[in-house]
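Asker: One structure follows; several queries about it will come next.
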Amino acid sequence: MRYRILGPLEVRPGPDWQPVRAAKNRALLAALLLYSGQIVSADRLIAEMWGDDPPESAAKAISVHVFRLRQLLADPDGEQLTTRAPGYLLRCRPGELDARVFEARAAAGRRLLAAGRAAEAAAELARALRLWRGPALADVPRSAQIGTEADRLEEARLAALELRIEADLRCGRPGELVPELRKLTAEYPLREGAWGLLLRALAAAGRHAEAVAAYGQARAAIADELGTEPGPALRELFQLLLTGGEAAFPAPATAAGPAGGPPDPDPPAQLPADMPDFTGRSGPLDRLRRLLRPQQDQAPAALPVVVVSGAPGLGKTALAVHAAHALRAGFPGGQLYVSLRGGGDRLDRKSVV
């Protein structure tokens, strides 16, 4: 990498990282990095550096700051920082800006988790998060654009952190995650995703009463700040906790394999993608959850089987897949999917999940 903005702004023109000491140079470089590969007009740069009160000599001052920045970047000939009417262009190759490296690693971690490769996802997301050294653009003077980008990057960091915790939770380490989640919910009490992870981790660790208390804390924090109830996802988790207890949130079986054997490093995860806009069918969904939710008093081999039947085109497969995604945490040994195609024109396509 050549530029770092996930923390104080730093550059690496040689073997070592260096700070950008002058505030105006930091504002200039940050603006160019946010639009790297694009021409940024001199007027835009003036607005970023001086706001609504630029000096009369601002256009000349910009060229002086560009000259100093080229010296700092060991780019005296302007090969990276190029003059292009009506302003300047900073060339930033792939891998040179830490924010882009972070976003690429976070996206890779998300894909690995979606593919059921939780351990690899957790490792990749941890690599992404290690790039952060503090708040993004921490020492850059706050303009509207810098503030917006810093907020966007912080939201991306929190999303990646929650995703890494989700991956670790699927690897079967719920108790180890509780301290980190308590700190996260204390710092960001309105993030319902973090509260949901805390409830699941506590329940999976067998700490049912603490999980119930954590929901009360979440509800109070949200009510105090926003005057509303928690969202439907968090409320549904709480209801599942009340009706199923800790058995509804089993610790993933990757921590120990079948019959106490070695862990399964790559359990199957064959579910088709869920419909992001699935709505309705609340009655059938509740019934499927009740029928398929693992029970404490069931023997290991006593797995329920549910048949969804109906005329072609009613959305049976969509319903089954949506229910399977909602219940996948209760089946950590893996999820299988088989498409059974009918033999005649009048036979509807069937699925087994």
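Asker: Can you tell me which residue is modelled with the highest pLDDT among those in segment 241-259 that are among the hydrophobic types (A, V, I, L, M, F, W, C) and open to solvent by 40 Å² or more (accessible area, probe 1.4 Å)? Don't jump to the end; show me each part of the working.
Answerer: The first filter runs over segment 241-259 and keeps only residues among the hydrophobic types (A, V, I, L, M, F, W, C), leaving 241-242, 247-249, 251, 253, 255-256, 259.
Imposing the further condition that a residue be open to solvent by 40 Å² or more (accessible area, probe 1.4 Å) reduces the set to 242, 251, 253, 255-256, 259.
Working: L242: 86, A251: 55, A253: 45, A255: 39, A256: 38, A259: 35.
Among those residues, the one meeting the criterion is L242.
Asker: Still on this model: Do we find that A108 is open to solvent by less than 50 Å² (accessible area, probe 1.4 Å) and modelled with pLDDT of 95 or more in this structure?
Answerer: It is true that A108 is open to solvent by less than 50 Å² (accessible area, probe 1.4 Å) and modelled with pLDDT of 95 or more.
Asker: While we're looking at this one, here's another question. Taking the conditions exactly as written (on the phi < 0 side of the Ramachandran plot and part of a helix (DSSP H, G or I)), does R100 satisfy them or not?
Answerer: Details: on the phi < 0 side of the Ramachandran plot: yes; part of a helix (DSSP H, G or I): yes.
For R100, the condition - on the phi < 0 side of the Ramachandran plot and part of a helix (DSSP H, G or I) - is met.
Asker: Name every residue in segment 52-97 that is buried (at least 16 other Cβ atoms within 10 Å of the Cβ), of a type in the set (D, E, K, R) and assigned to a loop (DSSP other than H, G, I, E, B), in order of residue number.
Answerer: Hits for segment 52-97 are D75, E96.
Asker: List pairs: first in segment 136-150 and acidic (D, E), second assigned to a helix (DSSP H, G or I) and crowded, with 17+ Cβ neighbours inside 10 Å, Cβ under 9 Å, 6+ apart or cross-chain?
Answerer: D139/R26; E149/A30; E149/L34; E149/A99
Asker: While we're on this one: For A27, indicate whether it is open to solvent by less than 10 Å² (accessible area, probe 1.4 Å), among the small types (G, A, S) and more than 34 Å from the chain's Cα centre (by Cα).
Answerer: No; evaluated as a whole, the condition is false for this residue.
Asker: Identify the single condition in (1) in a loop (DSSP other than H, G, I, E, B); (2) surrounded by fewer than 17 Cβ atoms within 10 Å (Cβ to Cβ) that A136 does not satisfy, given that it satisfies every other one.
Answerer: (2)
Asker: Could you list all residues from segment 165-180 that are open to solvent by less than 30 Å² (accessible area, probe 1.4 Å) and closer than 19 Å to R127 by Cα?
Answerer: Restricting attention to segment 165-180, the residues satisfying the condition of being open to solvent by less than 30 Å² (accessible area, probe 1.4 Å) are 165-169, 171-172, 174, 177-178.
Answer for segment 165-180, where residues must be open to solvent by less than 30 Å² (accessible area, probe 1.4 Å) and closer than 19 Å to R127 by Cα: I165, E166, A167, D168, L169, C171, L177.
Asker: Shifting gears a bit: Scan (1) closer than 18 Å to L6 by Cβ; (2) open to solvent by less than 50 Å² (accessible area, probe 1.4 Å) for the single condition S41 breaks and write down its number.
Answerer: Result: S41 passes all but (1).
The values are calculated or read from the model by the stated rules, or taken from the named source; none is laboratory data. All values derive from a computational prediction rather than experimental measurement. Cβ sites come from the backbone with ideal geometry, for glycine too, and all protein chains shown count toward neighbours. The protein model used for the area step is the full one, side chains on, heavy atoms only, and it has no ligands, DNA or RNA in it. Shrake-Rupley method; radii C 1.70, N 1.55, O 1.52, S 1.80 Å.
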